[in-house]
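Written below as structure tokens is the structure these notes are about.
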Amino acid sequence: MNTMIAFFEKLGPEILKRGYEHVYLVFLAMVLAVMIALPMGIYLTRCRWPKLVALILGVVGIIQTVPSLALIAFIVVIFAIISLPTIGTVPALVALVLYALLPILRNTYTGIQQVDRSIIEVATGMGMKPYQILFSVELPLSLPVIMTGIRIATVWTIGVATLCGLIGAGGLGDLIIKGLRSIQLDYLLAGTLPAATMAILFDWLLSRVEKWLTPKGMFSEERQE
């Protein structure tokens, strides 16, 4: 008990500070990733050129296969070449957004494509316009798949954000790096435990949001199946 009290007296304020930086970085990255990937996924479902769809999904998929540390280093190199800041929030955000794109983009595309075509035909026959079908039919029905992509991307981003401490972006990664350099277990725990807790908490919260936003009729259909 005394050990725990001493731990929080020593590192509590820094955990709160770095935790806030971590949440801020992840939140910005996810907002930007959703703003990019969601419209792009919708566009791909309307695209008449299958090769372009395959190309975009392929490029985003290649980015995902690059190890996270290598991707951060690659962004730093590009920023150095074009004379942009190589440390801080901006290069970290670029790396995090790129890493979060694939799950959201792929699940948006897949979710909308999986909507029963007969439902679309009924909506069209009722006189609904394309944008009405999108927002009133396709997106609500594909929401569980899209939210799964956002949840996966969020958990990944929380993990990758710990590496952004290497380029001065702050966050819980700073505590982990400090613990590794000085071989201090308390700093390692102060960075890793909050990061793991944050990933679990955000995944749970997003699952609640998913259930709240999903049309009630879909739950009844799942029970019948």
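Right, LEU52: part of a helix (DSSP H, G or I) and in contact with a helix residue (DSSP H, G or I) (Cβ under 7 Å, 6 or more places away or on another chain) or not? No; evaluated as a whole, the condition is false for this residue. For segment 84-100, a residue qualifies if it is among the hydrophobic types (A, V, I, L, M, F, W, C), surrounded by fewer than 24 Cβ atoms within 10 Å (Cβ to Cβ) and out of contact with any Ser or Thr (no Cβ under 9 Å at 6 or more places or on another chain), and the qualifying residues are LEU84, ILE87, VAL90, LEU93, VAL94, LEU98.
Scanning segment 92-147 for residues that are among the small types (Gly, Ala, Ser) and part of a loop (DSSP other than H, G, I, E, B) yields a total of 1.
Can you go through ALA169, ALA161, ALA153 and tell me which one is closer than 21 Å to ALA33 by Cβ, hydrophobic (A, V, I, L, M, F, W, C) and not in a helix (DSSP H, G or I)?
Details: ALA161 fails: not in a helix (DSSP H, G or I); ALA153 fails: not in a helix (DSSP H, G or I).
Answer to the check: ALA169.
Tell me, please, whether a residue that is part of a helix (DSSP H, G or I), in contact (Cβ under 8 Å) with a residue 24 or more places away in the chain and either polar (S, T, N, Q) or more than 24 Å from GLY191 (Cβ to Cβ) (or both) can be found in segment 74-91.
First, pick out the residues of segment 74-91 that are part of a helix (DSSP H, G or I): 74-81, 89-91.
Pick out the ones that are also in contact (Cβ under 8 Å) with a residue 24 or more places away in the chain and you get 76, 89, 91.
When the remaining residues are screened for being either polar (S, T, N, Q) or more than 24 Å from GLY191 (Cβ to Cβ) (or both), the result is 89.
Scanning segment 74-91 turns up at least one residue that is part of a helix (DSSP H, G or I), in contact (Cβ under 8 Å) with a residue 24 or more places away in the chain and either polar (S, T, N, Q) or more than 24 Å from GLY191 (Cβ to Cβ) (or both).
The residue list GLY165, GLY171 contains one member that is closer than 30 Å to LYS10 by Cβ, in contact with a Leu (Cβ under 7 Å, 6 or more places away or on another chain) and surrounded by 21 or more Cβ atoms within 10 Å (Cβ to Cβ), which is GLY171. Summed over segment 62-73, residues that are surrounded by fewer than 14 Cβ atoms within 10 Å (Cβ to Cβ), within 18 Å of the chain's Cα centre (by Cα) and assigned to a helix (DSSP H, G or I) total 3.
Taken over segment 55-73, the criterion of being in contact with a helix residue (DSSP H, G or I) (Cβ under 6 Å, 6 or more places away or on another chain) and of a type in the set (A, V, I, L, M, F, W, C) is satisfied by VAL60, ILE63, LEU69, LEU71, ILE72. Cβ-Cβ distances below 7 Å connect the following pairs, each with a first residue in segment 38-50 that is free of Cβ contacts under 8 Å to residues at least 12 places away in the same chain, a second residue that is not basic (Lys, Arg), and a separation of six or more residues or different chains: CYS47/VAL53.
Just so you know, all these numbers are worked out from the coordinates, no wet-lab data involved. In this text, all values refer to a predicted model and were calculated from it rather than measured experimentally. So basically every Cβ, Gly included, is an ideal-geometry build from the backbone, and we count neighbours across all protein chains shown.
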